[in-house]
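Heads up, the thing below is written out as structure tokens.
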Amino acid sequence: DAGVIQSPRHEVTEMGQEVTLRCKPISGHDYLFWYRQTMMRGLELLIYFNNNVPIDDSGMPEDRFSAKMPNASFSTLKIQPSEPRDSAVYFCASSPGLLNQPQHFGDGTRLSIL
Amino acid sequence: AQSVTQPDIHITVSEGASLELRCNYSYGATPYLFWYVQSPGQGLQLLLKYFSGDTLVQGIKGFEAEFKRSQSSFNLRKPSVHWSDAAEYFCAVAPSGTYKYIFGTGTRLKVLA
């Protein structure tokens, strides 16, 4: 089975531009998670969805960040406008709807804001 | 607040030597515990997990971890390290009944030939 698929793998853009990161979870997984990884703060949970509904977005840093999950096989994380401090690796993960099942991670999107 | 501590930022071992990576957590009840490995440019791969039962859990790639409730620890071990084990290792905790993982800051492992 295919794992969690993220696109693009790398994104370089200028400050002020809109950035959209994409994620396709593993088929049949009910939960989807967005993380950000930086040297300073490590891995942080930004938001997670259950059955396409956002459950907890307390980790979203600012209103410039938004996430959607229009269907069970697709989610986006958008930054508008982007700033240099948003540069990080963004991971998407998914898991089945059972607490004793671990999260499966994608390979991440490395984002650089110039 | 719950927290996870990986006290060793970097560890260097020789190939064939044994390895132990430390992880301590702060949480009142027994949480769900995980170890993940991240190779450069890759996502996180699950090595092993603990939910309940036997406190010594076996994982992939020859790794094992032992849950010690009295010490609030979940240390990762491998009896003989291979050069391909060089990577960054993350301990994660999920308070029981939640899906929110709290990750440690990671330990970067270097393996000498």
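Kindly list the number of the only condition in (1) within 26 Å of residue A:33 (Cβ to Cβ); (2) surrounded by 15 or more Cβ atoms within 10 Å (Cβ to Cβ); (3) charged (D, E, K, R) that fails for residue B:61.
Here residue B:61 clears every test but (2).
Only one of these is under 29 Å from residue B:97 (Cβ atoms), within 10 Å of chain B (Cβ to nearest Cβ) and surrounded by 15 or more Cβ atoms within 10 Å (Cβ to Cβ): A:42, A:97. Name it.
Every option except A:42 fails the conditions.
Go through B:90, B:67 for me and flag whichever is among the aromatic types (Phe, Trp, Tyr), within 12 Å of chain A (Cβ to nearest Cβ) and not in a loop (DSSP other than H, G, I, E, B).
Just a single option satisfies the conditions, and that option is B:90.
So which of A:81, A:25 ends up being surrounded by 16 or more Cβ atoms within 10 Å (Cβ to Cβ), touching a residue at least 24 places away in the same chain (Cβ under 8 Å) and either more than 12 Å from chain B (Cβ to nearest Cβ) or among the acidic types (Asp, Glu) (or both)?
Unique residue meeting the criteria: A:25.
Can you find, within region B:1-34, the residue that is surrounded by the most Cβ atoms within 10 Å (Cβ to Cβ) among those that are part of a strand (DSSP E or B) and at the interface with chain A (Cβ under 10 Å from one of its Cβ atoms)?
Checked region B:1-34; the qualifying residue surrounded by the most Cβ atoms within 10 Å (Cβ to Cβ) is B:34.
One residue is enough: does region B:94-112 have a residue meeting the conditions surrounded by fewer than 17 Cβ atoms within 10 Å (Cβ to Cβ), in contact with a strand residue (DSSP E or B) (Cβ under 9 Å, 6 or more places away or on another chain) and away from chain A (no Cβ under 14 Å)?
yes
Select from region B:36-58 the residues that are surrounded by 19 or more Cβ atoms within 10 Å (Cβ to Cβ) and in a loop (DSSP other than H, G, I, E, B) and list them in ascending order.
B:43
Looking at (1) in a loop (DSSP other than H, G, I, E, B); (2) crowded, with 16+ Cβ neighbours inside 10 Å; (3) modelled with pLDDT under 95; (4) not acidic (Asp, Glu), which one does residue A:2 not meet, given that it meets all the others?
(2)
Identify, by number, the condition in (1) closer than 21 Å to residue A:103 by Cα; (2) surrounded by fewer than 16 Cβ atoms within 10 Å (Cβ to Cβ); (3) away from chain A (no Cβ under 14 Å) that residue B:83 doesn't meet.
All conditions are met except number (1).
The values are calculated or read from the model by the stated rules, or taken from the named source; none is laboratory data. All values reported here derive from a predicted model rather than from experimental measurement. Every residue, glycine as well, gets a Cβ built from its backbone with ideal geometry; the counts of neighbours run over all protein chains shown.
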